1. Answer yes or no as to whether residue 25 is within 16 Å of the ligand (Cβ to nearest atom), assigned by TED's automatic domain parsing to the domain that holds residue 84 and in contact with a helix residue (DSSP H, G or I) (Cβ under 7 Å, 6 or more places away or on another chain).
2. When the stretch 188-199 is examined, which residues are found to be buried (at least 17 other Cβ atoms within 10 Å of the Cβ) and part of a helix (DSSP H, G or I)?
3. So which residues in the stretch 127-149 are closer than 21 Å to residue 267 by Cα and more than 16 Å from the ligand (Cβ to nearest atom), if there are any at all?
4. Determine which single condition residue 210 fails, assuming it passes every other condition in (1) under 22 Å from the mean Cα position of the chain (by Cα); (2) closer than 14 Å to residue 273 by Cα.
5. What about residue 31, is it in contact with a strand residue (DSSP E or B) (Cβ under 9 Å, 6 or more places away or on another chain), in contact (Cβ under 8 Å) with a residue 40 or more places away in the chain, at positive phi and more than 11 Å from the ligand (Cβ to nearest atom)?
6. Considering every residue within the stretch 91-99, establish whether at least one is surrounded by 15 or more Cβ atoms within 10 Å (Cβ to Cβ) and in contact with a strand residue (DSSP E or B) (Cβ under 7 Å, 6 or more places away or on another chain).
7. Collect the residues in the stretch 34-43 that are more than 9 Å from the ligand (Cβ to nearest atom) and closer than 20 Å to residue 157 by Cα, keeping them in residue-number order.
8. Limited to the stretch 61-76, what total is found for residues that are farther than 12 Å from residue 273 by Cβ and surrounded by 13 or more Cβ atoms within 10 Å (Cβ to Cβ)?
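The values are calculated or read from the model by the stated rules, or taken from the named source; none is laboratory data. These numbers come from a predicted model, not from an experiment. We place every Cβ from the backbone using ideal geometry, glycine too, and count neighbours over all the protein chains shown.
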Ligand code: AMP
C-alpha cells in the first residue's frame, strides 16, 4: 500500500489507472480505524480494481466546541490495518494541503441539512460536502463507499453527487456493531468503562422502536416514545434527539404507510461524548 499526502500526486496516480481502464473505488474516512472502516475497505474491493482510502480529520466539519483537537489519531495503526486489508493507496493529506492559505470555497447542500445532525452541529454538513467534493476531485473515483452509520450524511452526499453532476456511484455499507450492539465508532474510545456499558442501550432503544413497528404501530410519535422510554431509564444518557423518518427523504409524516422504509435515528451524550446510531426497517 502506498501512502500519498499530496493532491497532485494522487491525481497523477488516478489518471494513470483511469487511462488503463481500471475502476477506482474511494473510501473516505477520518481514520482511527475499526471494523466498520475495514468492512467498507473490503466492500470497496468488490466494486473496482483500485481501492483508495482517504484519511483526513477534516477541521471544517467540526464545530468550535467539538472534538477536532482531541479526535483520536494513530497513523501507524491505521497504516497497518489498511495495508493488511489490501488497500492500494492511503491518501492522507495535511490540513494545509487540503486548505492552503487563501482557500475560500464552501459547498452548501441545502436539502437534508436543516435537521438532526445539521441542526445540532451547525455548519457540519457544509464541511462534509466541501471535503467530500475535494476528496472526489483528488481521487476521481468511479465508486465511493459510505456507511449507513452516518445515514443523514449519505443523503447529503447523494444530493451533492446529483446536483454537481459527479459521475460517481455511491454505495452505502451496513453498520458494523460490537457484540453488544454498540455501533463501532472512533469516538467509542472516549467512553469510560461505565459509559461503554451503558452505550449498548442505544442499540437496545433502537430495537424497542423496531419492536413497536413490528407490532403494527405506524404512528411516528408512538414509535419514537418506545425509543425515548428505553433511553430514559439510563440517567447517564442524555438524549440529543430521537427521530423517526422516511429513510429515503427524511420526511416525518405523523403516520407511516405499509411498505414505507423508515429510519429510527438517535443521538445521545454519554458524558461529553456524543454518539449517533440508526436502524432502517420497512413498515409491514
Ligand atoms: P469516519 O472515519 O467516522 O468519518 O467514518 C468513515 C466512514 O466509515 C463513513 O462513511 C462512516 O459512515 C463509516 N462508518 C463509521 N462507523 C461505521 C460502522 N460502525 N460500520 C460501518 N461503517 C461505518
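1. Details: within 16 Å of the ligand (Cβ to nearest atom): yes; assigned by TED's automatic domain parsing to the domain that holds residue 84: yes; in contact with a helix residue (DSSP H, G or I) (Cβ under 7 Å, 6 or more places away or on another chain): yes.
Yes.
2. To start, the set of residues in the stretch 188-199 that are buried (at least 17 other Cβ atoms within 10 Å of the Cβ) comprises 188, 190-191, 195-196, 198-199.
Within the stretch 188-199, 188, 190, 195, 196, 198, 199 qualify.
3. Answer for the stretch 127-149, where residues must be closer than 21 Å to residue 267 by Cα and more than 16 Å from the ligand (Cβ to nearest atom): there is none.
4. Status for residue 210: all satisfied but (2).
5. Values: in contact with a strand residue (DSSP E or B) (Cβ under 9 Å, 6 or more places away or on another chain): yes; in contact (Cβ under 8 Å) with a residue 40 or more places away in the chain: yes; at positive phi: yes; more than 11 Å from the ligand (Cβ to nearest atom): no.
For residue 31, the condition - in contact with a strand residue (DSSP E or B) (Cβ under 9 Å, 6 or more places away or on another chain), in contact (Cβ under 8 Å) with a residue 40 or more places away in the chain, at positive phi and more than 11 Å from the ligand (Cβ to nearest atom) - is not met.
6. Yes, the stretch 91-99 has at least one match.
7. Of everything in the stretch 34-43, those that are more than 9 Å from the ligand (Cβ to nearest atom) and closer than 20 Å to residue 157 by Cα turn out to be 41, 43.
8. Count: 7.
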